[in-house]
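Below you'll find the structure, written out as structure tokens, and then a few comments.
The values are calculated or read from the model by the stated rules, or taken from the named source; none is laboratory data. It should be emphasised that the depicted structure is a prediction, and the values quoted were computed from it without experimental measurement. Here the Cβ is made from the backbone with ideal geometry for all residues, glycine too, and neighbour counts use every protein chain on show. Note: areas computed on protein heavy atoms with side chains; ligands, DNA, RNA excluded. Shrake-Rupley method; radii C 1.70, N 1.55, O 1.52, S 1.80 Å.
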Amino acid sequence: MTEPSGRSLRLSPPQLKNADIALAKFGSKSDLAAELKMSRTTISNFFKGEPVQRKQFLCICKKLKLKWEPDDEQVQEKGKPTNSPLDPPLESLKDDIDALVQEVRSRLLPVITAPGSPIGTMKMLSVSKSVPVDKIYIDLNVLEQLSCTSYSSDWRPKFDPDNRENFDRFGLSRAQKRVEALWAVKKYPKLMVLGKPGSGKTTFLKSLAVTCIQPETELFADLVPLFVTLRDFAEEVCKTQSWNLLDYLTLLLVKQSNRCDDRASAEQILTQGRSLVLLDGLDEVPPEDLKNVLDAVREFGYRVNRLIITCRTQSQQYLDGFTDVEVADFTPQQVDRFVDNWFKIVDAGSHESLAPQLKQELRATENKAIAELTITPVLLSLICVVFHGQGKLPEKRFKLYDDAMRKLLTRLEWRKIIDERLTLAAKEKFLAELAFMLFQNNDYFPEQKTLEEFMESYFEVDCFVAREMLKIFEIETGLLIERSAGYWSFSHLTFHEYFVAQKILKFNGKATDAEIKQLLNRHFIDNNWSEVFSMIMEQIK
């Protein structure tokens, strides 16, 4: 007999044995969940004799070819014969969920695309208002084979400081073939998108939500997009004390779609595989919460829905069933498109755009070192900001670096982990001292312990605060990055050299010409000092 439970049904004790026999002929519970596009929790509850939603219960019985007979009491109430076929038919179930998905999508459209939407808009450096994502986003490319393959110190002694071109990718494998990010999204139902700070991971997820929700879209028009900041999920747990991601997503969907009276419908969308779940910032989850967040993702019925997770490359976490890809650096064509979009936003209404001039200057031989920085959206944005303010690229590179570094460090927030001693000048001086110390020791890829100990001593903080400061430096500025597990560097060699030059000129009691000459004589034959001296000479001329 089948026992009713509200809108749900459950197997009676005598039927549980028959269900187990039927499952043995079919395969595993995981196979059944994947075949029916249901969560593993639902399948598990079915075989425990616990209540399962009526439609799902009937689908499971149909798949396992279990004979379903309602109670005599149910028959009398509903006026149905005891041998009535499964009702409603599967076609009706599909029609119901299709209609529900389209209704929810129509409700979400104005939410996601609203002018102040945290999903459909983003903040741009030196732009006061939030900008629609689709106005600035450039289609990304990804690497199917991750570039980062080194997780030990074996590669560090092999670095040749004279070979500047290899710095940005040193410790990484050779460049891999690029593919369009959208191609990877369509091919892999479970995708982890890795990338360096500022490479556009969050903007990518937001653009997927915006594209997916459009009425005429060709991208998953039968799915409901849900954008989630994983750090927010971890913080919400502090209030609810529940790491159940399904519950969190259900409540989020109910809230965003304004279906306050229908949590069951929201859960139905999620458990039947009709959502595109976009989980952003795995690397920004507090370390003490990371394991719980990963477990929550695993427990969520992720075999059913399409999931995309973003994470900083060196914070990569293994999730069974996910395919890992890495955001590729901008190509020259992508740089041009980004510059065009940036100036359309900033100079909206202007008769003349500076975009063509900037693109031309970036191609000039004398600006090669600057052009090498245009590989990520955040660095290219900095160049656009400086160019827009001056109407041209600075003739001297150090001026561009100086303006760019100040803008990056100005936005650096310490989140109350240290007091107001960290003025802009204090941040600059710290990086100059650190860069100089590492440069003198020929240590371009220091261990994390080396950086933490330097921070502990310099700022007079404990190891826990130093570790948090290091992570904030990486996330909010991208100046220092974890190159491979436990080993760091400045994100670009030219930044390292810039801060070494600043140490000598600005934070060394303003070195005299005689002192600089003495330093030059001492390192005259050291090729790795040539760029540092070039920047120094630019500033003292």
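Structure summary
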{"read-out": "Ranked order, 496, 388, 523 - accessible area, probe 1.4 Å, largest first", "value": "388, 523, 496"}
{"read-out": "For a label point 7 Å along the Cα-to-beta-carbon line of residue 126, residues of the stretch 373-394 with backbone N under 14 Å", "value": "378-394"}
{"read-out": "Sequence of 458, 444 from largest to smallest accessible area, 1.4 Å probe", "value": "458, 444"}
{"read-out": "Interchain or long-range residues, amide H under 5 Å from residue 229's placed H", "value": "280"}
{"read-out": "Solvent accessible area, Å² - residue 491, 1.4 Å probe, full protein context", "value": "20"}
{"read-out": "Too-long pairs where the Cα-Cα distance tops 22 Å, listed order kept, from 129/359; 129/427; 37/186; 29/67; 359/392", "value": "129/359; 129/427"}
{"read-out": "Summed side-chain charge close to residue 112 - residues other than residue 112 whose Cβ falls under 14 Å, Lys, Arg +1, Asp, Glu -1", "value": "+3"}
{"read-out": "Nonlocal amide H pairs with residue 376, under 5 Å, H built at 1.01 Å", "value": "330"}
{"read-out": "Surrounding net charge for residue 344, when Lys and Arg each add one and Asp and Glu each subtract one, Cβ distance under 14 Å", "value": "-2"}
{"read-out": "Two-site label geometry, residue 344 and residue 530: point separation in nm, points 7 Å out along Cα→Cβ", "value": "4.2"}
{"read-out": "Rounded to the nearest 10 Å², the accessible area of residue 240 at probe 1.4 Å", "value": "80"}
{"read-out": "Accessible surface ranking that places the most exposed of 467, 231 first, with a 1.4 angstrom probe", "value": "467, 231"}
{"read-out": "Per-residue SASA entry for residue 119, accessible area with 1.4 Å probe, Å² rounded to 10", "value": "20"}
{"read-out": "Amide hydrogen neighbours beyond the local backbone of residue 324, cut-off 5 Å, H modeled", "value": "192"}
